Amino acid sequence: MTLTPVLTDTWDADRSWTLDAYRDRGGYEGLRAALAMPPGDVVQAVKDSGLRGRGGAGFPTGMKWGFLPPGDGGPRYLVVNADESEPGTCKDIPLLLASPHHLVEGIVITSYAIGCRHAFVYVRGEVLHVYRRVLNAVREAYEAGYLGTDVLGSGFDLDVTVHAGAGAYICGEETALLDSLEGLRGQPRLKPPFPAVAGLYARPTVVNNVETIASVPGVLSRGVDWFRAMGTERSPGHGLFSLSGHVTRPGQYEAPLGTTLRELLELAGGVRAGHELKFWTPGGSSTPMFTAEHLDVPLDYESVGAAKSMLGTRALQIFDETTCVVRAVSRWTDFYAHESCGKCTPCREGTYWMKQVLHRIEAGEGQDGDVDLLLDLCGTILGRAFCALGDGATSPVTSSIQLFRDEYDAHVSGGGCPFDPAAAALFPYPPRRQPLLAGGVR
């Protein structure tokens, strides 16, 4: 397996985030090709390429664009979801830092294809450095004539607004993102109607992930056959695989879909020296976990699904044998309980109680029946929550119990965690100092 640097091709350039560096590597040639085609042909090219959404669900991108109703003379919108915030997911932020013009060019091509005259980029507000870099890239594109009135003399007009969200994981869900963009509280909407019919400001809207839109220019500049030559038949193309955790060289590895973790680990130097793989996530913390038995599962949507997990955002979190699976799942559950928007009872109450039970087990206060109680709570949430956050919160719990039930039972029967947390740390782990009591006594 070899790497396929497409979105990462410019990352080694001097000041790679600038317009000049991007154009030196062929940037905006895809836009020129697209503007020479009828909009419908651009949509068809993306359909023919087989490009699938890179934000998690993997829905065919061109098909999603095709869901927009015929034009009625009113506005329609493109909204780019840059609210990356799931534990382990870290591909869109590095992409926007290193090469934001990949996204900007993709936005112009997509907007031209769907008849959009005003596009929005919803960036997570905490990543201020990313927000500023995207703003600067948009400014450069305006000055160069890639945005604004009469783009490259084509008669096509486009404005782009970069919006900083307030930092809520739920706003990664497309309809909650739209509510937040409208100035409302970020909570998911009831569907139907779907955004393609009534999205931003109740107008037809396409919502796509950063990596999805950034992949469009390559399809137009290099062709459908070039794109389909990578990946698999049903999951074609390239993708960013984010390796983190107990791996020798963590980072972004851009490779064809269908590669395996075994191949990626070889490129990354393997699991940290002296240790062996215990479990890993194929698509972030909300996807059912895998073990060493799944090292050769092709990382494409169909193969990972057949192995009872989800490819998601290709966030490969690697954990070796020093990791307590109960502790890891407890930390993830803390996140989901904190980020639940509270709109529906199964997620709001279920994640809270899962958090309490996991804390009890980890603290050595677990009771007989607690593990089955966790499974019962997951069954109450799964398929009953208003959006996918609730379902995602159950995945690490149910999969970890299925794979490591004995470890949960050992916490309960042994009255505490048998693992040393310092052993799993990548950096020095000084013992926590006890707080001072009255009179300065510890």
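Within the stretch 57-84, residues that are touching a residue at least 60 places away in the same chain (Cβ under 8 Å) sit with their Cβ atoms under 8 Å from residues that are acidic (Asp, Glu), at 6+ positions apart or across chains, in these pairs: 79/174; 81/174; 82/92; 84/92.
The conditions of being within 22 Å of residue 37 (Cα to Cα), of a type in the set (A, V, I, L, M) and in a strand (DSSP E or B) are met by residue 78.
Inside the stretch 216-245, residues that are in a helix (DSSP H, G or I), in contact with a helix residue (DSSP H, G or I) (Cβ under 6 Å, 6 or more places away or on another chain) and buried (at least 20 other Cβ atoms within 10 Å of the Cβ) make up a count of 5. Pairs are defined by a Cβ separation below 8 Å, a sequence spacing of at least 6 or placement on different chains, a first member in the stretch 394-418 that is without any contact (Cβ under 8 Å) to a residue 40 or more places away in the chain, and a second member that is among the aromatic types (Phe, Trp, Tyr) and in a helix (DSSP H, G or I); the pairs so defined are 401/408.
Which of the numbered conditions does residue 386 fail, given that it passes all the others? Conditions: (1) under 30 Å from residue 210 (Cα atoms); (2) open to solvent by less than 50 Å² (accessible area, probe 1.4 Å). (2) is the only condition that residue 386 fails.
Number of residues in the stretch 301-331 that are in contact with a strand residue (DSSP E or B) (Cβ under 8 Å, 6 or more places away or on another chain), surrounded by fewer than 24 Cβ atoms within 10 Å (Cβ to Cβ) and of a type outside the set (S, T, N, Q) equals 7. Could you tell me whether the stretch 120-139 includes any residue that is open to solvent by less than 20 Å² (accessible area, probe 1.4 Å), modelled with pLDDT under 95 and either within 17 Å of residue 216 (Cβ to Cβ) or of a type in the set (Asp, Glu) (or both)? No, that holds for no residue.
Among the residues of the stretch 192-215, just one is open to solvent by 60 Å² or more (accessible area, probe 1.4 Å) and either within 18 Å of residue 58 (Cβ to Cβ) or assigned to a strand (DSSP E or B) (or both), namely 194.
Looking across the stretch 319-357, the residues that are more than 30 Å from residue 177 (Cα to Cα) and either part of a helix (DSSP H, G or I) or in contact with a Gly (Cβ under 9 Å, 6 or more places away or on another chain) (or both) come down to 319, 320, 323, 325, 326, 327, 357. Among residues of the stretch 168-187 that are in contact (Cβ under 8 Å) with a residue 12 or more places away in the chain and open to solvent by 30 Å² or more (accessible area, probe 1.4 Å), those with a beta-carbon under 6 Å from a residue that is assigned to a loop (DSSP other than H, G, I, E, B) and of a type in the set (A, V, I, L, M, F, W, C) at least six positions away or on a different chain give the pairs 173/387; 187/341.
The residues listed here are 407, 365; of these, the one that is open to solvent by 10 Å² or more (accessible area, probe 1.4 Å), of a type in the set (D, E, K, R) and modelled with pLDDT under 95 is 365.
The residues of the stretch 50-91 that are among the basic types (Lys, Arg) and under 30 Å from residue 285 (Cβ atoms), listed by number, are 52, 54, 64, 91.
Of the residues making up the stretch 346-383, those that are over 20 Å from residue 327 (Cα atoms) and without any contact (Cβ under 8 Å) to a residue 40 or more places away in the chain are 348, 349, 379, 380, 381, 382, 383.
The values are calculated or read from the model by the stated rules, or taken from the named source; none is laboratory data. Bear in mind the structure is a predicted one, so any value in this text is a computation, not a measurement. Neighbour counts run over all protein chains shown; Cβ positions are idealised from the backbone, glycine included. Note: accessible area is taken over every heavy atom of the protein model, side chains too, but ligands, DNA and RNA are not part of it. Shrake-Rupley method; radii C 1.70, N 1.55, O 1.52, S 1.80 Å.
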